[in-house]
Amino acid sequence: MLSKTLSITKSKLSITHQDYYEQIITDIWCSILPFPVEKLDPNDNFFDIGGDSFMLARLRLLINEKLNQDIKMIDLLEYSTIRSLAKYLMYKSNNTDVSF
C-alpha cells in the first residue's frame with residue numbers, strides 16, 4: 001500500500017514540474033512572439049507561429065536566465081514546441097549528464 005502511495009505522489013510531482021516548465025516557457029514565448037496567449041497551444045511550433053532565428057536567440061537567453069539552464073540553440077531547434085521543450089528541460093534538470 002505504501003509503495004502505491006509513493007508512486008502516485010511521484011507521478012503528481014512530475015506533472016506539476018512539467019506544468020511549471022510549460023508555464024515559464026509560455027510566458028517567455030508570449031514576451032517574444034507577436035501571438036496572442038489565448039491562442040497559444042503547447043504543441044504549437046515556434047517557427048509556425050511567427051518565430052525566427054533572432055527570436056530563438058532571445059528565447060535561449062531568457063530560458064538560460066529564468067530557469068538557470070544552459071540550453072543550446074540546437075536544442076531549441078529540436079524541441080520547438082512548448083511541450084517538447086518543457087519535457088526536455090525537465091529531463092535535463094533531473095539528469096545532469098544528458099545525451100540524446
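The values are calculated or read from the model by the stated rules, or taken from the named source; none is laboratory data. All values reported here derive from a predicted model rather than from experimental measurement. Positions of Cβ are backbone-derived with ideal geometry, glycine not excepted, and every protein chain shown enters the neighbour counts.
Below, the figures for the structure above:
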| read-out | value |
| --- | --- |
| Residue match in the range 25-33 (condition: modelled with pLDDT under 95 and part of a loop (DSSP other than H, G, I, E, B)) | yes |
| Residue that is modelled with the lowest pLDDT [pool: residues in the range 81-100 that are of a type in the set (Ser, Thr, Tyr) and over 13 Å from ILE63 (Cβ atoms)] | SER99 |
| Test: residue in the range 85-99 that is of a type in the set (Ser, Thr, Tyr), out of contact with any Pro (no Cβ under 7 Å at 6 or more places or on another chain), in a helix (DSSP H, G or I) and surrounded by 15 or more Cβ atoms within 10 Å (Cβ to Cβ) | yes |
| Candidate set from the range 53-77 (those that are outside any helix (DSSP H, G or I) and surrounded by 12 or more Cβ atoms within 10 Å (Cβ to Cβ)); member that is modelled with the lowest pLDDT | GLN69 |
| Output for the range 79-96, where each listed residue is more than 8 Å from the chain's Cα centre (by Cα) and either more than 14 Å from ILE28 (Cα to Cα) or aromatic (Phe, Trp, Tyr) (or both) | TYR79, TYR91, LYS92, SER93, ASN94, ASN95, THR96 |
| Some residue of the range 56-63 being under 14 Å from PRO34 (Cα atoms), free of Cβ contacts under 8 Å to residues at least 24 places away in the same chain and not β-branched (Val, Ile, Thr) | yes |
| Breaking point among (1) loosely packed, with under 13 Cβ neighbours inside 10 Å; (2) touching a strand residue (DSSP E or B) at 6+ places or on another chain (Cβ under 7 Å); (3) of a type outside the set (D, E, K, R), for SER80 | (1) |
| Hey, LYS72 within 15 Å of THR26 (Cβ to Cβ) and either touching a residue at least 60 places away in the same chain (Cβ under 8 Å) or basic (Lys, Arg) (or both) or not | no |
| The one condition in (1) in contact with a helix residue (DSSP H, G or I) (Cβ under 6 Å, 6 or more places away or on another chain); (2) among the aromatic types (Phe, Trp, Tyr); (3) loosely packed, with under 11 Cβ neighbours inside 10 Å that TYR21 fails to fulfil | (3) |
